[in-house]
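Enquirer: My questions will all concern the structure given below.
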Amino acid sequence: MLDPSQIAAQRRQPILNVPTVITVLAAVMLAIQGLRDMVDPDTGIEILALFAFIPARFDPSVLAEGILPGGAGADVWTFVTYAFLHGGWTHVGLNLLWMLAFGSPVARRFGTLRFLLFFVVTAAAGAGLHLVTHEGELVPMIGASAAVSGCMAAAIRFMFASEGHVVWQPDAMSASVRYPAPPLSIVMRDRRVIGFVGVWFLINIGFGLLTPAGVTDGSIAWEAHIGGFVVGLLLFPLFDPVRSGPDGAPYSRHPQG
C-alpha cells in the first residue's frame, strides 16, 4: 500500500538535487575553461603541455629532447588533470550534462570520497588505454569523457537494483541508490543493459572510425571512453558501500532480473 506521506515528501524534493561533489567538479571545470579563455595563446599551450595527457611524454626520445615540461610529476598528474581541461564551452558543457545525469546517482551512492577516487581511477584508466593505442603521439588528450563513461558504467550496475523491492516509485534511480547491486553476471543478462552497452560501444567505435586521432582538432578519444567505461563496470564493487537494502536484506534475485 502506498504511503501518502512518502509521496508528498518526494513531491517536495527539488527538481535538481545535485550532489555537492558534482557541483564542485562542474564549477572547477567551468572555472578552468574560463581561465583558459582569458590567457594568451602561449600560456594556453603551456597549460596543455603541463596538464593535458600527451602519450609522447612517455617516449624516451621525447623526454631526452626536453620538449614537454613537468618532469616525473607530470608523468603522474596528467593521468587525471587532463580530465579538467576541455576544447571549448561546448565540449565542457556536454561532459557536464552527462556527468549530471550519470554522475549524480553514482555520487549519491558512493559518497564524496569514494566518488572522487572513482573519478580518478576511471580517468586514469581512460588515459592508460589511450596511451597504449596512441604510443608516442604529441597530440594532447583532454576532457572528462573517460570518467563520465565510468559513471555511466557504474550507474547501469545498480539502476535496476530496487526492482522487486519497491512497489511504486516515481524516481527509480533515487530508489536504486539505496539497494544492493546485483552481480555483474546478472546485470549483463538484462536486455536493457545489453542494449545500452551495445549502443554505447557502437557510437564510440563509430566516432573513432569516422574521425582522425586526437582531440584538439575536434575528434574524439574513443579509446579513453572505453577504458573508463570498462574499468568503471568491473571495479564498481570496490567502491560500492551498499551491502544491504533499507530493509536490511542483501541483494536477492527477483523476477525482473
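The values are calculated or read from the model by the stated rules, or taken from the named source; none is laboratory data. In this text, all values refer to a predicted model and were calculated from it rather than measured experimentally. A quick note on method: Cβ atoms are made from the backbone with ideal geometry, for glycine too, and the neighbour counts reach across all protein chains shown. Keep in mind that these areas ignore ligands, DNA and RNA; they rest on the heavy atoms of the full protein, side chains included. Shrake-Rupley method; radii C 1.70, N 1.55, O 1.52, S 1.80 Å.
Enquirer: Hey, can you tell me all the residues within the range 16-27 that are touching a residue at least 60 places away in the same chain (Cβ under 8 Å) and either open to solvent by less than 30 Å² (accessible area, probe 1.4 Å) or in a helix (DSSP H, G or I) (or both)?
Expert: Hits for the range 16-27 are P19, T20, V21, I22, L25, A26.
Enquirer: Let me ask something additional. List the pairs whose first member sits in the range 168-181 and is farther than 14 Å from A154 by Cα and at pLDDT below 70, whose second member is open to solvent by 50 Å² or more (accessible area, probe 1.4 Å) and among the small types (G, A, S), and whose Cβ atoms are under 9 Å apart, counting only residues at least 6 apart or on separate chains?
Expert: none
Enquirer: Now for a separate question. May I ask you to list the residues in the range 28-54 that are in contact with a Ser or Thr (Cβ under 9 Å, 6 or more places away or on another chain) and in contact (Cβ under 8 Å) with a residue 60 or more places away in the chain?
Expert: Answer for the range 28-54, where residues must be in contact with a Ser or Thr (Cβ under 9 Å, 6 or more places away or on another chain) and in contact (Cβ under 8 Å) with a residue 60 or more places away in the chain: L48, A52, F53, I54.
Enquirer: Working only within the range 28-41, note down all residues that are surrounded by 11 or more Cβ atoms within 10 Å (Cβ to Cβ) and out of contact with any Leu (no Cβ under 7 Å at 6 or more places or on another chain).
Expert: Of everything in the range 28-41, those that are surrounded by 11 or more Cβ atoms within 10 Å (Cβ to Cβ) and out of contact with any Leu (no Cβ under 7 Å at 6 or more places or on another chain) turn out to be V28, L30, A31, Q33, G34, L35, R36, V39.
Enquirer: Against the conditions (1) surrounded by 20 or more Cβ atoms within 10 Å (Cβ to Cβ); (2) more than 24 Å from the chain's Cα centre (by Cα); (3) not hydrophobic (A, V, I, L, M, F, W, C), where does P69 fall short? Just the number, please.
Expert: Every condition holds for P69 apart from (1).
Enquirer: Further, regarding this structure: Picking from V120, V139, which residue would you name as being open to solvent by 10 Å² or more (accessible area, probe 1.4 Å), under 30 Å from E46 (Cβ atoms) and either modelled with pLDDT of 95 or more or touching a His at 6+ places or on another chain (Cβ under 8 Å) (or both)?
Expert: Result of the check over V120, V139: V120.
Enquirer: Being of a type in the set (A, V, I, L, M, F, W, C) and open to solvent by 10 Å² or more (accessible area, probe 1.4 Å) is the filter here; which residues of the range 91-109 pass it? Spell out how you get there, then give the answer.
Expert: As a first pass, look at the range 91-109 and keep what is of a type in the set (A, V, I, L, M, F, W, C): 92, 94, 96-102, 106-107.
Selection gives L94, L96, L97, W98, L100, A101, F102.
Enquirer: Exactly one condition in (1) farther than 21 Å from V106 by Cα; (2) modelled with pLDDT of 90 or more; (3) aliphatic (A, V, I, L, M) is false for M188; which is it?
Expert: In the conditions (1) farther than 21 Å from V106 by Cα; (2) modelled with pLDDT of 90 or more; (3) aliphatic (A, V, I, L, M), M188 misses (1) alone.
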